[in-house]
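Enquirer: Sharing a structure, written as structure tokens. Questions coming.
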Amino acid sequence: MGGKLWRALTAYAGDPELAKDAVAEAFTQALGRGAEIRSPEAWIWRAAFRIAAGELKQRSNRGLLEGDLAYEMPESAKDLMAALKRLPPRQRAVIVFHDYADRPSDEVAGILGVTRATVYVHLSEGRRRLRRMLEDHDA
Amino acid sequence: MRDAKDLLQPLDEMAEPDIWAEVSAATGDRDLHAGLGPVRPRSAPPFRRRAVITLAALAVVIVPFAGLWLAFRAGSSPEPRVPSGVSAELIAYSAVVDGRWELMTVHPDGTSAAMIPIAGLPENATHPVWSPDGTRIAFDANPGGTSSVEGGNRDIYVVNADGSELTRVTNSAGWEYLPSWSPDGSRIAFVRNTDGNDDIWIMDLNGDHPRRLTDDPSLDISPSWSPDGTRLAFISNRDGSPEIYAMDVDGTSVVRLTHDDAYEGHPAWSPDGTSVAFASDVEGPGLYVMDADGANVRKVAPSGQVGPVEGAWSVDGSAIAFVSAQGTDLPPILQTLDLATGSTTTLRSGGELCCPDWSGQQGSPTAAPKDPRVVATLATRAIGLDGYAGAVAAGDGTVWVAVLGANQDASLQRIDAATGDLEGSLALPNLPSFLGVGDGTVWVPVMRGGAPELLEVDAATLEVTTTLPGFTGPVIAVGGAVWAVDGGLGPGDASLVRIEDGAVTVRVPVGETPFDLVEAAGSIWVQERRDEGDVAGTGGVLRLDPTTGQVLARLDLRAAGIWLAGDDTGVWLSAWLGPDGATSSASSAVIVPDTNAIAPFGSIYNFRPFAVGDGRVWFVAGPGDGKVHGICGIDEMGGVSTVCADVDGPDLEMAHDPAAFDPLTQTLWTGSYAGKVVTRIEARP
């Protein structure tokens, strides 16, 4: 679960280090709460996303540039990551959490704090744009 | 065109860093996986436990409701028509005709025995079982081909009641046989034998998600679903001779029901769930009945010799159809037994007969007569609009659809519900997720420049007559007032407000913005939920006085998202039991307005109820994994008989979430998030 979550957050945030910190923080918090959490998996997904989103917002508030990618991104993923970065954040989030990570649409709606209807609209648009960007690139 | 999953595949090639090192450094706990543990669902969600407790109360309450409902329906027109292909009290069975096993039907009085004409019927078709809505039959047969089990290959099939659309559901080299339908019609329990060992399995109606429930070297066969969909009775010889057991539909909580050295076979649960009929020879061969807990075993009819005496309960539980052997060299007879008088009626005799099943077997606990207005199919007609539907509402012969066009421009469209004609549109600043239909008006919550606004639009002129800044959806109009949501200062600060003549007269805190809001049984019902910091909150439903907003009841469902639909007799809901509830999947229930008791209704595979009309609760249906499969209606009182329209869409999951019912034209309208936007479904052809 940790691997998939990290990849999803990296795809969402565009920053593998930030993703790693968010996942680690979410797991740490979950362990701290222990039996209080009845569905740890869903809780961790939601918490990790919120931590990552919060950190991203803080960085943009502080006007920070993106950190250097100390992480070595595999060639095949570079185009995809660049395309994802060009999606608006909400569309990127639903594509990553729903299409990549297979989280149920209800959960994605809950994670983002929007209605399912909104999730679907973003999915539609996001998929269409992503497809166009990647296929244009191929051509 | 590649789909999204393919495009995202390169993400899997990223090598993950060592996250655990960081976590263990933070917590000092080396054995993290053990600490966190596997995700294990609770044994029963509290929602269901509560529901079990109140089901008895519901049974007491629902009888007077049934009377009210029938009285209402008696006055309704037009005269109902039973389309072909739908049974009304038919018994299915198998028999040898001209040297071949065929599937047959006969009326309970023995008349009109007929063969079901099935093109391409495979060999040795038997064990027919009706779907709960009486439109289809599952059975097992030999498809031919090689088999891993002696005796030839055997698979499960489904066919329409009129013999059309034969579908093979299982396709393995092993034996699959003895199907049993779940009460909601979405799954089939069956027996699978791939290596000489028979075990009980469960799968979706189309064969997806097969799951093994029993796992021991003994014979485990003849599953029979309880009418409430929670248990399966079955036969096992794990303790010696074949006995009757029961287990939960996930294979746990196995309980042995019969305790004798006799042979037992073919358990069949009664429609009210209180008894089990079965074959036995404990007091001589015959048909027996016992209480659902195994007590009070009694023989109800003799059989000439030990052997299959497959009993099938009538819809109202007063009779059992069964085949009994009369004795060596005597032909078997298919007969019905009246449980009250003990008298039997022979329906067929002679030749080879087997395995009766009575249509509509898993009926409602009230023993109400089967609805003659059940329809088997819903006709659809698509209306093309270019864009996505964010919300759909209907009433008085008009349908309102909020649409996001191809150019990202949002609009409100008015459609004539009778003809499907587009009659007019109003440009909107964004795509709303809710609409509320009032008297000559429609309420549209929008976002303008990032700030919420509630628009009142004149239904005839499509002009905005009132703008109420700061309010959002969901929104409903009740009498001369409108109920809407004030988002407050941020998450957790939302309140439901009542606005009359432009002034807020009632304010009820509800925590997070509710998913849904409905007026039914003279009250306002709204979801209430509070998140607790980072932990996703759960909540329930508030029942409010429609004028004063006084909280009449607070029902704790421990759910994160709740959708509601109601009328005078009930409030139906489906709940997403969110991350901090028991499970992330949806669950369905009904609230009885007289008592505020909550009882399970339908199954978790129904969700998003959006309207009540024509005696049915209409909902957007899915198999519980978040994927929409169509628009369905389930009968209000019993929650069992279901009719569905399979609405095609380029992406089934995204098709047809917002939906509405127009009582005037008896049509259903659904929006889609891709492709054809609005679909009109006639509730009865």
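Enquirer: Test each condition in (1) farther than 15 Å from B:Ser94 by Cα; (2) at pLDDT 75 or above; (3) open to solvent by 10 Å² or more (accessible area, probe 1.4 Å) for B:Ile320 and report the one that comes out false.
Expert: (3)
Enquirer: State all residues of the range A:85-107 that are more than 9 Å from chain B (Cβ to nearest Cβ) and either modelled with pLDDT under 80 or part of a helix (DSSP H, G or I) (or both); if no residue qualifies, say none.
Expert: A:Lys85, A:Pro89, A:Arg90, A:Gln91, A:Arg92, A:Ala93, A:Val94, A:Phe97
Enquirer: Name every residue in the range B:455-472 that is within 24 Å of B:Ser523 (Cα to Cα) and loosely packed, with under 15 Cβ neighbours inside 10 Å, in order of residue number.
Expert: Matches in the range B:455-472: none.
Enquirer: Has the range A:33-47 got any residue that is touching a Pro at 6+ places or on another chain (Cβ under 9 Å), at pLDDT below 80, open to solvent by less than 20 Å² (accessible area, probe 1.4 Å) and not in a helix (DSSP H, G or I)?
Expert: Checking the range A:33-47: at least one residue is touching a Pro at 6+ places or on another chain (Cβ under 9 Å), at pLDDT below 80, open to solvent by less than 20 Å² (accessible area, probe 1.4 Å) and not in a helix (DSSP H, G or I).
Enquirer: On the basis of being at pLDDT 75 or above, under 23 Å from B:Asp6 (Cβ atoms), more than 9 Å from chain B (Cβ to nearest Cβ) and surrounded by fewer than 22 Cβ atoms within 10 Å (Cβ to Cβ), does A:Ala82 make the cut?
Expert: For A:Ala82, the condition - at pLDDT 75 or above, under 23 Å from B:Asp6 (Cβ atoms), more than 9 Å from chain B (Cβ to nearest Cβ) and surrounded by fewer than 22 Cβ atoms within 10 Å (Cβ to Cβ) - is met.
Enquirer: Follow-up. Hey, could you check the range B:421-437 for residues that are part of a loop (DSSP other than H, G, I, E, B) and in contact (Cβ under 8 Å) with a residue 12 or more places away in the chain and say which is farthest from the other protein chains (Cβ to nearest Cβ)?
Expert: The initial filter retains those residues of the range B:421-437 that are part of a loop (DSSP other than H, G, I, E, B), namely B:421, B:429-435.
This time we only want the ones that are in contact (Cβ under 8 Å) with a residue 12 or more places away in the chain, so: B:429-435.
Details: B:Pro429: 15, B:Asn430: 11, B:Leu431: 7, B:Pro432: 9, B:Ser433: 5, B:Phe434: 9, B:Leu435: 11 Å.
Filtering the range B:421-437 for residues that are part of a loop (DSSP other than H, G, I, E, B) and in contact (Cβ under 8 Å) with a residue 12 or more places away in the chain, the one farthest from the other protein chains (Cβ to nearest Cβ) comes out as B:Pro429.
Enquirer: What strands (runs of 3 or more DSSP E) lie completely within the range B:168-239 and have 3 or more residues being closer than 14 Å to B:Ile156 by Cβ and either open to solvent by 30 Å² or more (accessible area, probe 1.4 Å) or aromatic (Phe, Trp, Tyr) (or both)?
Expert: Once the strands (runs of 3 or more DSSP E) in the range B:168-239 are filtered for at least 3 residues that are closer than 14 Å to B:Ile156 by Cβ and either open to solvent by 30 Å² or more (accessible area, probe 1.4 Å) or aromatic (Phe, Trp, Tyr) (or both), what remains is B:175-181, B:187-193.
Enquirer: What do you reckon, is B:Ser584 surrounded by fewer than 24 Cβ atoms within 10 Å (Cβ to Cβ), under 19 Å from A:Ser105 (Cα atoms) and modelled with pLDDT under 80? Reasoning before the result, please.
Expert: Details: surrounded by fewer than 24 Cβ atoms within 10 Å (Cβ to Cβ): yes; under 19 Å from A:Ser105 (Cα atoms): yes; modelled with pLDDT under 80: yes.
Answer is yes for this residue.
Enquirer: OK, next. Suppose the filter is on the phi > 0 side of the Ramachandran plot, modelled with pLDDT under 90 and touching a Gly at 6+ places or on another chain (Cβ under 7 Å); does B:Gly350 pass it? Can you show your working first?
Expert: On the way: on the phi > 0 side of the Ramachandran plot: yes; modelled with pLDDT under 90: yes; touching a Gly at 6+ places or on another chain (Cβ under 7 Å): no.
So B:Gly350 fails the test.
Enquirer: Give me the residue from the range B:473-496 that is surrounded by 22 or more Cβ atoms within 10 Å (Cβ to Cβ) and β-branched (Val, Ile, Thr) and, out of that set, nearest to B:Pro452 (Cα to Cα).
Expert: The residue in question is B:Val485.
Enquirer: For A:Ala52, only one of the following conditions fails: (1) more than 10 Å from chain B (Cβ to nearest Cβ); (2) modelled with pLDDT under 85; (3) crowded, with 21+ Cβ neighbours inside 10 Å. What is its number?
Expert: (2)
Enquirer: Those residues that are hydrophobic (A, V, I, L, M, F, W, C) and farther than 24 Å from B:His127 by Cα, I need them from the range B:253-279; list them, please. Lay out the reasoning, then the answer.
Expert: Step one: of the range B:253-279, the residues hydrophobic (A, V, I, L, M, F, W, C) are B:254-255, B:257, B:262, B:268-269, B:276-279.
Those that are hydrophobic (A, V, I, L, M, F, W, C) and farther than 24 Å from B:His127 by Cα: B:Val254, B:Val255.
Enquirer: In the range B:392-419, which residues are in a loop (DSSP other than H, G, I, E, B) and open to solvent by less than 10 Å² (accessible area, probe 1.4 Å)?
Expert: Hit for the range B:392-419 is B:Ala417, nothing else.
Enquirer: Let me ask you something else. Quick test of your reading of the structure: A:Lys57 fulfils all but one of (1) assigned to a helix (DSSP H, G or I); (2) under 25 Å from B:Asp18 (Cβ atoms); (3) modelled with pLDDT under 80. Name the failing condition by number.
Expert: (2)
The values are calculated or read from the model by the stated rules, or taken from the named source; none is laboratory data. Quick caveat, the model's predicted, so the values are computed rather than measured. When we count neighbours, we look across all protein chains shown, and the Cβ atoms used for this are built from the backbone with ideal geometry, even at glycine. All accessible areas refer to the heavy atoms of the entire protein, side chains included, with ligands and DNA or RNA removed. Shrake-Rupley method; radii C 1.70, N 1.55, O 1.52, S 1.80 Å.
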